[in-house]
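The values are calculated or read from the model by the stated rules, or taken from the named source; none is laboratory data. Worth saying up front: this structure is predicted, and the values here are computed from it rather than measured. Every residue, glycine among them, receives a Cβ derived from its backbone with ideal geometry; neighbour counts consider all protein chains shown. Remember, those area values only see protein heavy atoms, side chains included, never the ligands or the DNA or RNA. Shrake-Rupley method; radii C 1.70, N 1.55, O 1.52, S 1.80 Å.
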Amino acid sequence: MECLIPDILFTLLGHKSEILQCIVDNDSNFTDDEYIILNTEDKRLLKCFLHLAEEYQKLNTVIVSFNRLQSIYKESESNRQGLYFEAFVDGMLIALKTYRDCVNDIEKNLSNNKENKCLLTETLRKVEQHKPLIVAVNNILDQIELSQLHGGQILNLIYEAVCMEFLDNKVQLSLIFNQCLQVLISQLNTFFAHGVIFDPHNEFFIESKYSKSSKEFKQFSLLPSLMPSFVPLSTASKITRIGDVIKSLQHSNNQSSLINYKDISIQLYGHKKDELFSDLLNLVNVPLFTKNEFVKVIDKFYNVVDKFMLKASFNNDSFSYHMKLVRDFYLLGNGEFYKHFLNKMCSLSLKSEHSLRAVKVAFINTAQDIKMHKSVNQVFGFSSLEDEEVDETTWTKIKVTFETKWPLQFIFTSSVQKNYSKLFAFLSRIKRVQTNLHNVWIEKKSKSYEINAHNVQLKTKLSFLIDTLYSYLQLDVIEDEYFLLLEKLTNANDFQTIKHIHDIFQTNIMRDSFLYMEEVYLGFNRILDMCENYCRYMTDITAALNPQYKQCFEELNLLFTKKPNKLVTLINIIREIHVTPKPNQFIVRLNYNNWFLQAISSDS
């Protein structure tokens, strides 16, 4: 057995020995004299050594071959297997150093000890202490190859393996994990500093997406399949938000492709920059990495960015100014402006399609007439909700957009402005019908026409219905919610709270304005259609001869006389809504002292 000791140690270091393998396999090529020296106990020890050597050889083969390929393809990124797998191989080399050192120490001590059998038993005991680690690393390697894992999936696999192992193996596996974690930390370091993803092999759990509009900044989205389990979804969302903020800040500063990244990071993180990036890089040096440590560091970055955005939002009352624009223009709060604007739009309001250029011109001229600041003209734009490229659209499909200052584009997003456009279309249509109904009455009274009593009653009921609906929306819904928003803003201490308060404000307005109740919303729009046709019927002689308008006039009569009529059905639907008490306030206004429903009943 003494003569086999060099072969055993050579094999334990990851090399193959044909002699030892033949002995274990009882190869007949060995003579009886050579074989008789091994008794049963020696053969058992030899098999144990070979089994451990085979486990290590798998890992050593990967390490050696990978380093050889790396030197061959060092100039070609396309031939590399990925940053995380490279880190995994480097980690294996570091973690298994204790095993290699153990074998080398045994080799040094063997020359001074002649009791080989006792020494071999002790040697086996020493090297087999490393067997659980070698087996665990082999299992990880097998799963990577079998499932073809890459990037964050490799990192996640090693993290879960570390969490399940006992303390001794946990420390060594953590060395492999830290090597892979270093890749992630480097990617996050670049991402937080520059808003750029360094990911040549598509391994990062965040990807960049470009908006179709060149004016939009680059946004980032998550790839859940590459997210490690120690990165909660909420934390991952915060990481993407920081990237979005950096890109939007670069865009707002009108910087070219040669961006001064250093200035951006200083502007964003201020005096806390060095501390933040130091905490991030130190995650690699944590003895036993935990999920809480990672989340804590990301939260620090996020809180600093959030405070910076909060300060920018209230700088020069920026948010208050934008909310005033919303209140005055989207929600028709500026009565003087819309009185003039709707007068200019009066001829267009009865058409099915509107020229967006005509709408824009009417908007600009109105602003000039009432001597508003020129900046308001430049803020707002008009397009179609369905297709931004078309030149004409119906009033219900008109989209009103307005430019925002940084960082308010995170509050007044494209979807938020789309919702405000729906509110604008509904409110302005009601206001337009209300104005036209009053103008019909003024026109008829100012001329010596004989006014039909039945038409007068119909017009009175229509005006009361539309006036009540508009008063409810402006006073009970918009005004109440707007003052509630201003009150909540006084207690806001972070940017996300401001965004949340605003989102609730918009949601509540849309809900209480019946936009979420399709049957009610469509019912009111049908009534508005009939009112517009009524105004045309009453003012245009040619329209009075058109059977279509005459039929509409008859439908309006049925709206207030037929039992059960559509209006009563609409009121009953609103009355049954229990989500919020606001819609019931509309019924209270409409049916004050039961006058309205009694008037309908008497007509029936």
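Some observations on this one:
- Legend: calculated FRET efficiency, Lys291 to His15, from the Cβ-Cβ distance at R0 = 45 Å, rounded to 0.05, equals 0.65.
- Violating pairs (Cα-Cα greater than 27 angstrom) within the set Lys272/Lys418; Lys47/Lys97; Lys273/Lys311; Lys374/Lys405; Lys58/Lys291; Lys307/Lys582: Lys272/Lys418; Lys58/Lys291; Lys307/Lys582
- Highest average packing first - 487-493, 461-467, Cβ atoms within 10 Å: 461-467, 487-493
- Per-residue SASA remark: Ile144, around 10 Å² accessible (1.4 Å probe; ligands, DNA and RNA not included).
- Peptides 228-238, 153-163 ranked from most to least packed by the mean count of surrounding Cβ atoms within 10 Å: 153-163, 228-238.
- For the range 300-339, the fraction of C-alpha pairs farther apart than 15 angstrom is 55 percent.
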